[in-house]
1. If I take R0 = 22 Å and measure r between the Cβ atoms of residue 159 and residue 221 in this structure, what FRET efficiency does the formula 1/(1 + (r/R0)^6) give, to the nearest 0.05?
2. At 0.36 nm per residue, minus the direct Cα-Cα distance, what do residue 230 and residue 173 gain on full extension? Give it in nm, one decimal, please.
3. List the chymotrypsin sites (Phe, Trp or Tyr not before Pro) within segment 140-205 that DSSP assigns to loop and that have no more than 10 neighbouring Cβ atoms inside 10 Å.
4. Please give the FRET efficiency for residue 185 paired with residue 101, using the beta carbon to beta carbon distance and R0 = 45 Å, rounded to the nearest 0.05.
5. By accessible area of protein heavy atoms, probe 1.4 Å, what ranking do 117, 231 get, highest first?
6. What are the residues whose amide H is under 5 Å from the amide H of residue 123, where those residues sit 5 or more places off or on another chain and H is modelled from the backbone?
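The values are calculated or read from the model by the stated rules, or taken from the named source; none is laboratory data. It should be emphasised that the depicted structure is a prediction, and the values quoted were computed from it without experimental measurement. Counting neighbours? That spans all protein chains shown, and the Cβs are built from the backbone with ideal geometry, glycine included. Accessible surface is based on the protein model in full, side chains and every heavy atom, while ligands, DNA and RNA are left aside. Shrake-Rupley method; radii C 1.70, N 1.55, O 1.52, S 1.80 Å.
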Amino acid sequence: MIKPSVISKGWLSVLVVLISTPLLWACNRVPIVREFSNDQAQATDPKPDKVLQAFESIPGTPYLVANIAQVKAGKSRISSSEFYSRKGGGIANLVFLDSSSLESHSLFDTNQYTIVEAKQYPLDESASNPEAKKIKKTARFVYQVLKKDTNGDQYLDSRDHRTIAISDAFGKQYVEVLTDISQLFNLQPLTGNRLLVVYVKDGTKMASILDLNQRKVVQTNDLTKLGEDVE
């Protein structure tokens, strides 16, 4: 998959999704504009401005994944009074395909979010065949998703709150495990199918352990007090 980039200008807004193998994204500022009149809304109804890109195999599975890419400037309707305007180059969604059954589905039922990052992870499993242990079979996707302009600056970017979610290798059983994260310091794999997440939520610096297998938070603690001279 290609690594798209986004440049936003002007008073119109841009909402984009970025993805690449191994499914990593970086998010640029995305301006948002609201309060269109009915006449303006009718005059600016969105037209097709995205394409489905090539599918790529998900290691150790019969599944494939592809980007729905924003290839030219366009608008997407959020409601009768709210639009996002996009420049070309972003990723709007993911499409998963089962090569055995030919079943397919999109990760989201909307193209309005921004996926800041998505990574593939294996699960540690016992295997009688030593060669099988060497195969890195993807079992989970971990996503960082921006869903809305939480700071009200009419941009969707890294300063907005993000959600961390986990799905299986086919993009199903999607579970949002952490929400309203205002700052992410670290997301690090641990042994035993776990991830360490260090972040800020509601003004408090915290650390959580995620269980990839069960797709849930198993432990959360506040960080130690850092002093009044530390932001």
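1. Working: r = 25 Å, r/R0 = 1.15.
According to the calculation, E is roughly 0.30.
2. On the way: separation 57, 0.36 × 57 = 20.52 nm, distance 3.91 nm.
Full extension of this stretch gives 16.6 nm more.
3. Working: sites: 141, 143, 155, 170, 174, 185, 199; in loops: 170, 174.
Here no loop site has a sparse enough neighbourhood.
4. Details: r = 41 Å, r/R0 = 0.90.
So, using R0 = 45 Å, E works out to roughly 0.65.
5. Details: 117 40, 231 190 Å².
Greatest to least solvent exposure: 231, 117.
6. Amide H neighbours of residue 123, under 5 Å, 5+ apart: 139.
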